[in-house]
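Student: Here it is, the structure, as structure tokens.
The values are calculated or read from the model by the stated rules, or taken from the named source; none is laboratory data. What you see is a predicted model; the values in this text were computed from it and never measured. Cβ: placed from backbone, ideal geometry, glycine included. Neighbour counts: every protein chain shown. For the accessible areas, the whole protein counts, side chains as well, though only heavy atoms, and no ligand, DNA or RNA atoms are used. Shrake-Rupley method; radii C 1.70, N 1.55, O 1.52, S 1.80 Å.
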Amino acid sequence: MARELAALQKLLWRLVTAPSGVAEGLAGEPDLGADRLGAIIAGDERMDPAARVGVYAEAYFYRLLEVLKEDFPATLEVAGADQFHNLATGYLIDYPPTEPSIFYAGQHFAAYLHTHPIADRVPFISELAGLERIVLESFHAADTPALDDAAMRTIAPEAWPAFAMRTHPATRIVACAWRVDQVLRAVEEDRAWRTPAHAAATIVVWRRAARVYYRAADPAESAALALADVDSGANFGAICTAIAERAPAPDDVPGLIQRLLIRWLADGVLIDGNLTDGKIVDAAR
Amino acid sequence: MAGARAARGSVVTEAIAAHTPGNPMKRSDFPALGFGVGLRRPHYAEILESRPPMDWFEVISENFMGAGGRPLEVIDFVCAHYPIVMHGVSLSIGSTDPLNRAYLKDLAALARRLQPAWISDHLCWTGVGGRNLHDLLPLPYTEETVMHVARRVREVQDLLGRRILLENVSSYLTYVDSTLSEGEFVAAVATEADCAILLDINNIYVNAFNHRFDARRYIDAIPPERVVQFHLAGHSDHGAYLLDTHDHPVCEAVWRLYEYAVRRLGAVAALIEWDDHIPAFGELVAASAEARHRSRRALAQRDGALAARSIEPSAPREFED
């Protein structure tokens, strides 16, 4: 019986997820013509069996389309509603949801866009979707006490160089080839977006007081945070060295280190290095 | 509501002990929560800021299974001030896939954190072959399916260490091979699995229209002792069928069916569900108050009818309107 039920459920899954609807799905079932669905699903004069399965098919697609629209508002804006609809259709064929939580439904959307022909016309779109996904993941990332000014004051000055720091679980260091943060910001602020500069940038994404923020980092800050953005973290001395090697004004290295540290502590970007992990992320993957 | 968590702690502990599989189930094993509403994101700020009077909240389990951030901040606050129950949408208890152990582990961890009065999910399947439809699909109503689902429910209950509630789902199709009515199927699964029932009155109403059956006969088939919670919600009329959209007020016909269920099944915790076009929190509070009012009225009618019947042997049927 379990095998019969399994076969029934698999048939319904195929019909519900058929890209162009239940009729097309039925046509693709060599052992099951449209008339024979009536041997499985009850129908009446109001709705035949295919129409009844169609209620689920429509709900499946539009529920997931709405989730993708909500999770990728800037990608939606750039692609336009019609094109986004088609992208969602293709995405759900290639990446049908596998996780119990619908939160994960869009987890591969950036990777899908990376190899989609739209990337030839809108080359930054996969990075934009990647950044939107990372912002969402930061929102839900684990809670861990961030390093703040008070915590640093408890550390003796002579112990600072060896003090290990890591990025907070909600902090993401995102390598981009396009300034997609500018597109996301424009859409969030309900402004007209423009094609972003094709310029390599590192975007820092972090969470403070349950809100997610992001900004571009200069090379010195990027190098320092990349150093801290690994499982083992980095000690403060190494972070200072990374900043010094890329500081635009060698005379201002102490001042730059101070300004960056004050900012990181205020934003909650770092944690005590002995606590948790983080990884460098490619926005398009 | 101050101190609700401490008070609830002992009630929940006793309830979990009573839920231990093997003990005969009684509705009184579960706390009598009263009348609640679903916790939804548009109302977070109002609830956190004004802490409105409310008997209890139902939370969607999957919304709080993330590692951290705002959702857990909110739920920790709500749990500190109100009784809550966990309502899942992804257990897929009727699937032929193996039970998802990772999901169950997360569910158990969330239950340890939130200490809900009870945990519920749906009597349906949501995916197969490792793929998820994110929808609640009906099962064939057969003895074989009863045994299949009951075995899985017992496994889940053993893992969670407590009885769960299964909710009847709205549906738009039925299977030719079904040999039981839906009400008989729900009752048989609950009895065979030794689990409790979350009876969604709107879903019964929707299904009664979509599949042409008598909603009251459905309720008559449900064993009263196993019903621990009612759901009330709105639906949309699509002409040929009713769609369970949770985006409208509870309609009068569903309210009347609810009153019938209260007369038939007794005083049961009830909850207003609203998932789309969510109105101001006050409208949900008003709907919850309406459920309380109608429950009291229905119980008074039932008690009056019972008293009359004890005096007058030829009194009309107990549960007739």
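Student: What does the accessible area per residue of the protein assembly as shown come to in Å², with a 1.4 Å probe and no ligands, DNA or RNA counted?
Tutor: Normalised by residue count, the accessible surface of the protein assembly as shown is 42 Å².
Student: If you take every DSSP beta bridge whose two residues both sit in the protein assembly as shown, what share of them, in percent to the nearest 5, is antiparallel?
Tutor: Details: 23 of 51 bridges.
The antiparallel proportion sits near 45 percent.
Student: Among A:Gly25, A:Leu37, A:Trp13, which residue has its Cα positioned farthest towards the positive end of the charge dipole of the range A:2-71, with +1 placed on the Cβ of Lys and Arg, -1 on the Cβ of Asp and Glu, and the dipole taken about the Cα centre?
Tutor: It is A:Trp13, whose Cα lies furthest towards the positive end.
Student: What 222 nm value per residue comes from the helices of the protein assembly as shown, counting each DSSP H run with n ≥ 4 as -39,500 (n - 2.57) and dividing by all residues, nearest 500 deg cm²/dmol? Mind dumping the intermediate values first?
Tutor: Details: 23 runs with 284 residues, N = 606.
Helix contribution divided over all residues of the protein assembly as shown: -14500 deg cm²/dmol.
Student: Springs between alpha-carbon atoms under 10 Å, Gaussian network over chain A: tell me which of A:Ala201, A:Ala186, A:Ala151 tops the mean-square fluctuations.
Tutor: A:Ala151
Student: Okay, which of the range B:217-238 sit inside 14 Å, backbone N to the point 7 Å along the Cα-Cβ direction of B:Ser181?
Tutor: B:217-223
Student: Further, regarding this structure: Show me, for the range B:169-182, the HN-Hα J-couplings you get by feeding each phi into the Karplus relation (A = 6.51, B = -1.76, C = 1.60, θ = phi - 60°), rounded to Hz, glycine and proline as x.
Tutor: 3J(HN,Hα) across the range B:169-182, in whole Hz: 9, 6, 8, 10, 9, 10, 9, 4, 6, 4, 10, 10, 6, 4.
Student: While we're looking at this one, here's another question. What is the range B:4-311's relative contact order, in percent, from Cα pairs under 8 angstrom and six or more apart in sequence?
Tutor: Taking the mean separation of contacting Cα pairs over the length of the range B:4-311, I get 17 percent.
Student: Which loop GluC sites (Glu not before Pro) in the range A:1-62, with loop taken from DSSP, have no more than 14 other Cβ atoms within 10 angstrom of their Cβ?
Tutor: A:Glu45
Student: I'd like to know which of B:Met54, B:Gly129, B:His43 lies farthest towards the positive end of the charge dipole of the protein assembly as shown, counting +1 on Cβ of Lys and Arg and -1 on Cβ of Asp and Glu.
Tutor: Comparing the listed Cα positions along the dipole, B:Met54 ranks first.
Student: Give me the accessible area of A:Ile134, 1.4 Å probe, in Å² rounded to the nearest 10.
Tutor: 10
Student: Using a ≥ b ≥ c from the Cα gyration tensor of the protein assembly as shown (square roots of the eigenvalues), is it rounded, prolate or oblate, where a/c under 1.5 gives rounded and otherwise the larger of a/b and b/c decides, a/b for prolate?
Tutor: Because a/c hits 1.5 or more and a/b exceeds b/c, the protein assembly as shown counts as prolate.
Student: Which trypsin sites (Lys or Arg not before Pro) in the range B:179-269 pass both tests, a DSSP loop state and at most 15 other beta-carbon atoms within 10 Å?
Tutor: Values: sites: B:Arg212, B:Arg216, B:Arg217, B:Arg226, B:Arg256, B:Arg263, B:Arg264; in loops: B:Arg212.
In loop regions of the range B:179-269 (DSSP not H, G, I, E or B), the sparsely surrounded trypsin sites (Lys or Arg not before Pro) are B:Arg212.
Student: Turning to a different aspect of this structure: Once you put a point 7 Å from the Cα of A:Arg211 and another 7 Å from the Cα of B:Asp237, both along the Cβ direction, what distance in nm separates them?
Tutor: Label at A:Arg211, label at B:Asp237, 4.5 nm between them.
Student: Considering amide H positions built from the backbone, and no H for Pro or chain starts, which residues 5 or more places from B:Gly234, or on another chain, come under 5 Å of its amide H?
Tutor: It is B:His246, B:Asp247, B:His248, by chain and number.
Student: Something else now. Compare A:Asp82, A:Asp71 by solvent-accessible area with a 1.4 Å probe and give them largest first, with all protein chains kept in place.
Tutor: Result, largest first: A:Asp82, A:Asp71.
Student: Pick from B:Asp194, B:Asp158, B:Asp244: which residue has the top mean-square fluctuation in a GNM of chain B where Cα pairs under 10 Å get a spring?
Tutor: B:Asp158
Student: What residues does the range A:21-56 have that are buried by at least 40 Å² of accessible area in the full protein assembly compared to the chain on its own, 1.4 angstrom probe?
Tutor: Those residues are A:Ala42, A:Arg46, A:Met47, A:Arg52, A:Val55, A:Tyr56.
Student: Here's a follow-up. Beyond 15 Å, what share of the Cα-Cα pairs of the range A:178-223 remains, rounded to the nearest whole percent?
Tutor: The calculated P(r) of the range A:178-223 puts 51 percent of pairs beyond 15 Å.
Student: Nearest 5 is fine: what % of DSSP beta bridges in chain B come out antiparallel, could you say? Provide the component values of the computation, followed by the final result.
Tutor: Details: 5 of 30 bridges.
Of those bridges, close to 15 percent are antiparallel.
Student: Hey, what did the range A:125-197 get for relative contact order, percent, Cα under 8 Å, at least 6 apart?
Tutor: 41
Student: Just subtract the alpha-carbon distance of A:Arg194 and A:Ala39 from 0.36 nm times their residue separation and send over the number in nm, one decimal.
Tutor: 50.3 nm
Student: Hey, can you list the residues from the range B:224-243 whose accessible area shrinks by 20 Å² or more with all protein chains present, relative to the chain by itself (probe 1.4 Å, no ligands or nucleic acids)?
Tutor: The answer is B:Ala240, B:Tyr241.
Student: Let me ask something else. How much of the accessible area of the protein assembly as shown, in percent, comes from carbon and sulfur atoms when a 1.4 Å probe is used?
Tutor: Values: 13730 of 25510 Å².
C and S fraction of accessible area: 54 percent.
Student: From the Cα gyration tensor of the range B:4-311, with a ≥ b ≥ c the square roots of its eigenvalues, which class applies: rounded if a/c is under 1.5, or else prolate if a/b is larger than b/c, or else oblate?
Tutor: Here the range B:4-311 falls in the rounded category.
Student: A further question follows. Test of the criteria: in the range A:24-82, which trypsin sites (Lys or Arg not before Pro) are in a DSSP loop and have at most 16 other Cβ atoms within 10 angstrom of their Cβ?
Tutor: Here the trypsin sites (Lys or Arg not before Pro) that fit, given the DSSP loop and packing criteria, are A:Arg46.
Student: Need one value for B:68-76: mean number of C-beta atoms belonging to other chains within 10 Å of its residues' C-beta atoms. Write down the numbers at each step before the final one.
Tutor: Working: counts 10, 13, 7, 3, 4, 3, 1, 0, 1.
Average neighbour count from other chains, rounded to a whole number: 5.
Student: Next question, about the same structure. Want the number for B:Arg217 to B:Glu283: 0.36 nm per residue separation, take away the alpha-carbon distance, what's left? Can you show the working numbers first?
Tutor: Working: separation 66, 0.36 × 66 = 23.76 nm, distance 3.12 nm.
Extra length available between B:Arg217 and B:Glu283 comes to 20.6 nm.
Student: Pulled fully out, how much extra length does the chain show between B:Glu192 and B:Asp303, if you take 0.36 nm times their separation in residues and subtract their Cα-Cα distance?
Tutor: 36.9 nm
Student: Which of A:Ala141, A:Ala51, A:Ala175 ends up with the largest GNM mean-square fluctuation for chain A, with Cα atoms connected below 10 Å?
Tutor: Answer for the Gaussian network model of chain A: A:Ala51.
Student: At a probe radius of 1.4 Å, figure out the A/B buried accessible area, summed over both chains, and give it in Å² to the nearest 100.
Tutor: 3700
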